[in-house]
1. Looking at (1) crowded, with 16+ Cβ neighbours inside 10 Å; (2) under 15 Å from Thr122 (Cα atoms), which is the one condition that is false for Ile103?
2. Please work out which residue is modelled with the lowest pLDDT, limiting yourself to region 50-99 and to residues that are of a type in the set (Gly, Ala, Ser) and surrounded by 12 or more Cβ atoms within 10 Å (Cβ to Cβ).
3. Please indicate, with yes or no, whether at least one residue in region 9-19 is surrounded by fewer than 16 Cβ atoms within 10 Å (Cβ to Cβ) and of a type in the set (Val, Ile, Thr).
4. Taking region 98-112 as the search range and keeping residues that are in contact (Cβ under 8 Å) with a residue 60 or more places away in the chain and of a type in the set (A, V, I, L, M, F, W, C), which one is farthest from Ile31 (Cα to Cα)?
5. If we scan region 20-31, do we find a residue that is in contact with a helix residue (DSSP H, G or I) (Cβ under 7 Å, 6 or more places away or on another chain), in contact (Cβ under 8 Å) with a residue 60 or more places away in the chain, part of a strand (DSSP E or B) and over 11 Å from Val80 (Cα atoms)?
6. Restricting attention to region 36-70, and to residues there that are farther than 25 Å from Ile133 by Cα and of a type in the set (Phe, Trp, Tyr), which single residue is farthest from the chain's Cα centre (by Cα)?
7. Scan region 20-35 for residues that are under 16 Å from Glu129 (Cβ atoms) and either crowded, with 17+ Cβ neighbours inside 10 Å or among the charged types (D, E, K, R) (or both) and jot them down.
8. Is there a residue in region 82-105 that is closer than 20 Å to Glu66 by Cβ and assigned to a loop (DSSP other than H, G, I, E, B)?
Amino acid sequence: MEKWKEVFKNEIPNGNYQVSLNNGEQRGLHIELESFTHRIAIDFGVVSAIRMLDEGTLLNNTFYNESELSKYKVNNFSNVIYLIEDGQFGRFVKDKCKDMYDILNLKHYLIITLNYCIEVITRWEPEIEVELI
């Protein structure tokens, strides 16, 4: 059953962020979140899989586990980034790459912003930089 865990709690200030995503072979995945007060750089490096979906259509249906979704929706997803165990996207990737998912110790992260849900499957923890504007 899908379980969410808040990670990097209080590291990313709560806000209405615009999203910029850049991914490539050399640099890997770099996500920038920007509000009127903060610029957040989240660097995942090279990732195994990413999925970016419109937040409005996802959080109003049963795409994610309803009890986990409700637990964090009450506070408007104030933590921004979550680690998901046994999530649908993680299961899909694990099914496709078989034993490599466990051998590489891949993790499933979810970033929720005002407009997007960004899911990242990676073996690395992201580096997070917060800048006041």
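1. (1)
2. Looking at residues that are of a type in the set (Gly, Ala, Ser) and surrounded by 12 or more Cβ atoms within 10 Å (Cβ to Cβ), I get Ser78.
3. Let us first name the residues in region 9-19 that are surrounded by fewer than 16 Cβ atoms within 10 Å (Cβ to Cβ), namely 9-11, 13-14, 16, 18.
Next, from what is left, pick out any that are of a type in the set (Val, Ile, Thr): none.
No, that holds for no residue.
4. In the first step, residues of region 98-112 are kept if they are in contact (Cβ under 8 Å) with a residue 60 or more places away in the chain; the result is 109-111.
When the remaining residues are screened for being of a type in the set (A, V, I, L, M, F, W, C), the result is 110-111.
Values: Leu110: 12, Ile111: 10 Å.
Filtering region 98-112 for residues that are in contact (Cβ under 8 Å) with a residue 60 or more places away in the chain and of a type in the set (A, V, I, L, M, F, W, C), the one farthest from Ile31 (Cα to Cα) comes out as Leu110.
5. No, because not a single residue in region 20-31 is in contact with a helix residue (DSSP H, G or I) (Cβ under 7 Å, 6 or more places away or on another chain), in contact (Cβ under 8 Å) with a residue 60 or more places away in the chain, part of a strand (DSSP E or B) and over 11 Å from Val80 (Cα atoms).
6. The extreme case among them is Phe63.
7. Arg27, Leu29, His30, Ile31, Glu32, Leu33, Glu34
8. Yes, that holds for at least one residue.
The values are calculated or read from the model by the stated rules, or taken from the named source; none is laboratory data. Just so you know, these numbers come straight off a predicted model, no measurement behind them. As a convention, Cβ positions derive from the backbone with ideal geometry for all residues, glycine included, and neighbour counts pool all protein chains shown.
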